[in-house]
Amino acid sequence: MKFIAYFFLGMGVFFASFGNIGILRFPDVYTRLQASSKCGITSIISIFIGLIILEGLSPTTIRIIIITIFFLITSPVSSHIIGRSAYKEGILPWRKEKTKGK
Amino acid sequence: MDLNILKIVIILLSINSLISLYRVIKGPTSQDRLIGLNLIVAQVTAIMVISAVNFHRPIYLDVALVYAILGYISIIAITKYLKGRKLHE
């Protein structure tokens, strides 16, 4: 049972590192937003699942489930708000250099 | 100093949040900084929940929940503050 929890924790760290690589490497607001929201929510949910498996059934588990539900509701909403703010402000999407002039 | 797996995960997540602090400092637009802040809030909440399980202190879970709520509300407030301006006119 412990190895499943450690597997989930390792998967969370893996996804967090790849989200950070996406944050550093991508060229635009919208692509960075995609990498951030997807990898962030996946890493958080898998770390919480690993902790729930590690802890067993206790009051701590119920609170972790509450925080997980809160993250599942609010993380897509905040990503959507950031993207909508960038779109309303008039930031143009990134294109390759060849198709830029046409 | 004894290292178990949860402490190693805490150290790796701290390094990850330091890396995403780079985008907050250097981002060209303010939305880039907001993306970095969103990621930092998520990772610090995960660090708090892991330390609550590791050190057997259930009070850290309440701190994590309040911190997540504050991050969400602050992102909404900052985007409402940035609403009125235009870049390309």
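Flag: B:Ile75 matches the condition of being in contact (Cβ under 8 Å) with a residue 40 or more places away in the chain, facing chain A (nearest Cβ under 7 Å) and either in contact with a His (Cβ under 7 Å, 6 or more places away or on another chain) or closer than 23 Å to A:Ala16 by Cβ (or both).
Conditions (1) surrounded by fewer than 16 Cβ atoms within 10 Å (Cβ to Cβ); (2) within 18 Å of B:Ile8 (Cα to Cα); (3) basic (Lys, Arg), marked per residue:
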{"position": "A:Val13", "(1), (2), (3)": "no, yes, no"}
{"position": "A:Ile21", "(1), (2), (3)": "yes, no, no"}
{"position": "A:Pro27", "(1), (2), (3)": "yes, no, no"}
{"position": "A:Gly50", "(1), (2), (3)": "no, yes, no"}
{"position": "A:Thr60", "(1), (2), (3)": "no, no, no"}
{"position": "A:Ile65", "(1), (2), (3)": "yes, no, no"}
{"position": "A:Phe71", "(1), (2), (3)": "no, no, no"}
{"position": "A:Thr74", "(1), (2), (3)": "no, no, no"}
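Taken over the stretch B:21-44, residues that are within 7 Å of another protein chain (Cβ to nearest Cβ) and either over 16 Å from A:Arg25 (Cβ atoms) or not in a helix (DSSP H, G or I) (or both) amount to 6. For the stretch B:53-72, residues that are more than 7 Å from chain A (Cβ to nearest Cβ), in contact with a Ser or Thr (Cβ under 8 Å, 6 or more places away or on another chain) and over 25 Å from A:His80 (Cα atoms) total 2.
Each row is one residue, and each column tells you yes or no for (1) under 15 Å from the mean Cα position of the chain (by Cα); (2) touching a residue at least 60 places away in the same chain (Cβ under 8 Å); (3) at the interface with chain B (Cβ under 9 Å from one of its Cβ atoms); (4) within 20 Å of B:Leu61 (Cβ to Cβ).
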residue: A:Phe14; (1), (2), (3), (4): yes, no, no, no
residue: A:Ile21; (1), (2), (3), (4): yes, no, yes, no
residue: A:Leu24; (1), (2), (3), (4): yes, no, yes, no
residue: A:Arg63; (1), (2), (3), (4): no, no, yes, yes
residue: A:Ser79; (1), (2), (3), (4): yes, no, yes, no
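The condition of being at the interface with another protein chain (Cβ under 10 Å from one of its Cβ atoms) and not β-branched (Val, Ile, Thr) holds for only one of B:Leu3, B:Leu18, that being B:Leu18. Residues in the stretch A:35-78 that are part of a helix (DSSP H, G or I) and of a type in the set (Gly, Ala, Ser): A:Ala35, A:Ser36, A:Ser37, A:Gly40, A:Ser43, A:Ser46, A:Gly50, A:Ser75, A:Ser78.
Just to be sure before I move on: is B:Leu70 crowded, with 18+ Cβ neighbours inside 10 Å, of a type outside the set (D, E, K, R), at pLDDT 90 or above and closer than 30 Å to A:Ser58 by Cα in the structure I sent? So B:Leu70 fails the test.
If you filter the stretch A:29-42 down to residues that are β-branched (Val, Ile, Thr) and either crowded, with 17+ Cβ neighbours inside 10 Å or within 16 Å of B:Leu18 (Cα to Cα) (or both), you find that the one that is nearest to the other protein chains (Cβ to nearest Cβ) is A:Val29.
This table checks each residue for (1) of a type in the set (D, E, K, R); (2) exposed (fewer than 12 other Cβ atoms within 10 Å of the Cβ); (3) closer than 18 Å to A:Phe71 by Cα; (4) at pLDDT below 90.
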position	(1), (2), (3), (4)
B:Val41	no, no, yes, no
B:Val49	no, no, yes, no
B:Tyr60	no, no, yes, no
B:Ile76	no, no, yes, no
B:Lys80	yes, yes, no, yes
B:Gly84	no, yes, no, yes
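The values are calculated or read from the model by the stated rules, or taken from the named source; none is laboratory data. Quantities reported herein were computed from a predicted structural model and do not represent experimental measurements. Heads up, the Cβs are rebuilt from the backbone with ideal geometry, glycines too, and the neighbour counts pull from every protein chain shown.
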